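Step one of this worksheet: look at the structure below.
The values are calculated or read from the model by the stated rules, or taken from the named source; none is laboratory data. The shown structure was predicted, so the numbers you read here are calculated from the model rather than taken from an experiment. When we count neighbours, we look across all protein chains shown, and the Cβ atoms used for this are built from the backbone with ideal geometry, even at glycine.
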C-alpha cells in the first residue's frame, strides 16, 4: 500500500503497454502513490523481461521499470481476454497503452468504448508518431524517435556519424511527459468529473528539449550540426581530461561563471582580452579559449581541479561512472534506492523517484512481479470473478501466469 499522503494515493492504473515508454509512465505514477496493474501476455509476459543485462534470469531493465507493480496475465488476442480488460478499465482511473494507433479501436477498447462505461477515465496513449498525422500508423521505437526528431543529427562530433544514446532516451522522456499528462488530466477531472485522452508521440518531447534547433533554422536558414561537447550557444563549456586521466565537466554558461573560471585558472586578464570579454566573442574564438581550459585542467588531478573550481563557485562536476555514483554520499542519501523483497537483488541499487515532495514519503520498491502473479486476486477483487470462473478462464487459456 502506498503512503496515504502520496499525491496519487487511491488512484488505480491499468497498464497495457510493454517494453519501455508505457511502463515508464506506470513507474512514474506508481512512484507517487498509484496502484499500477500491469496486463501481460500470460505466456511470454512483457518482452522487457527478456532484456539484458540479467541476473539469474531476472532482467534488470524490467526490474527498474516494474518493481512494485501488480501483474495480471490476460491474452488480449482472445475476445474473452479483451472483455476482461474492458471490465477492468471500468474500475480504474487511468489506462496506459502503447499499441500502434488504431489497435485498441479494432479490439473495441478505444477511448469511446472505455469512457462510455467510465466517463472519468484517463486514457494515456504513447506511440511512435502519435494518434494523428500522416505518420500515425507507422511503427516507432525510441531509436526512430531519436533520429526523426533531429536529436541524432546534433548529437556527437562533427567528424563522426549521427549518434543515438545507449539507453532508452526518447522512451524515458516520452514516459515522463505522458505521466505529466496523466496527472494534468486527473487534476482537471477533479474539477469537471470528465476524463481525457492523452496522446504522446515518442519524438515530440525529445524534439522540444532540443532547444532552438528548429527556431534557428526557420529564423536564419542555418542547420545546427554536431559540435561535440559544446552547446553552440555559450563558451567555455565542455568535458576535460585531468592529469590523472580522469574527466570532469565545466559549464561557464553565463558571464559571471566565465569570470569566476578565469580567476580560478589564475588568468583573470582573459576578461580584458576582446576575444574573450563577452559570450559572443568567446563563441567566435571558442577553439582558442577551449585550448586554454584544456591545458589548465590537464595540469591538475581531477580532485585538485574540482577543489579549485568549487572554491571559485564554478559550475563543474566529475564525469561519474557507475562505480563513482554508488559510493557518492549525496546520491546514496537522496537518489538511489534498493529493490525490496527480491533475494536475487540484495544490495542492488537503482534510481528512485525523479522528484521529491515534502509531504509524501519515498516509495518502496517491493519486489518484481512474476507474470500474472496477481491475476486471481485482482480479477476477484475488481470485477467479482468467482474462483470457478477464474479456473475456467485459465483452462481456456484466456488468463494465466505464475500465480
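Specify the residue that is modelled with the lowest pLDDT; the eligible residues are those in the range 211-226 that are in a loop (DSSP other than H, G, I, E, B) and surrounded by fewer than 16 Cβ atoms within 10 Å (Cβ to Cβ).
211
Filtering the range 190-210 down to residues that are assigned to a helix (DSSP H, G or I) and touching a residue at least 60 places away in the same chain (Cβ under 8 Å), which residue is surrounded by the most Cβ atoms within 10 Å (Cβ to Cβ)?
Result: 203.
Within the range 196-204, identify whether any single residue is out of contact with any strand residue (DSSP E or B) (no Cβ under 9 Å at 6 or more places or on another chain) and within 30 Å of residue 97 (Cβ to Cβ), and answer yes or no.
yes
Considering every residue within the range 147-170, establish whether at least one is surrounded by 18 or more Cβ atoms within 10 Å (Cβ to Cβ), closer than 23 Å to residue 213 by Cβ, in contact with a strand residue (DSSP E or B) (Cβ under 9 Å, 6 or more places away or on another chain) and free of Cβ contacts under 8 Å to residues at least 40 places away in the same chain.
no
Return yes when residue 185 is farther than 24 Å from residue 284 by Cβ and in contact with a strand residue (DSSP E or B) (Cβ under 7 Å, 6 or more places away or on another chain) and no when it is not.
Considered against the rule, which asks whether it is farther than 24 Å from residue 284 by Cβ and in contact with a strand residue (DSSP E or B) (Cβ under 7 Å, 6 or more places away or on another chain), residue 185 comes out as yes.
So, residue 23, is that one under 22 Å from residue 109 (Cβ atoms) and outside any loop (DSSP other than H, G, I, E, B) or not?
Yes; evaluated as a whole, the condition is true for this residue.
Search the range 42-75 for residues being part of a strand (DSSP E or B) and touching a strand residue (DSSP E or B) at 6+ places or on another chain (Cβ under 6 Å), and hand back the single one that is nearest to residue 11 (Cα to Cα).
In this case the residue turns out to be 70.
Given the residues 347, 316, which is the only one that is farther than 16 Å from residue 63 by Cβ and in contact with a strand residue (DSSP E or B) (Cβ under 8 Å, 6 or more places away or on another chain)?
Exactly one of 347, 316 is farther than 16 Å from residue 63 by Cβ and in contact with a strand residue (DSSP E or B) (Cβ under 8 Å, 6 or more places away or on another chain), namely 316.
With the condition kept exactly as written, say whether any residue in the range 320-338 is surrounded by 13 or more Cβ atoms within 10 Å (Cβ to Cβ), more than 24 Å from the chain's Cα centre (by Cα) and either not assigned by TED's automatic domain parsing to the domain that holds residue 262 or not in a loop (DSSP other than H, G, I, E, B) (or both).
No.
Against the condition part of a loop (DSSP other than H, G, I, E, B), within 20 Å of the chain's Cα centre (by Cα) and assigned by TED's automatic domain parsing to the domain that holds residue 53, how does residue 368 come out, does it pass?
yes
Please pick out the residue among 156, 245 that is part of a loop (DSSP other than H, G, I, E, B) and modelled with pLDDT of 95 or more.
After applying the criteria, what remains is 245.
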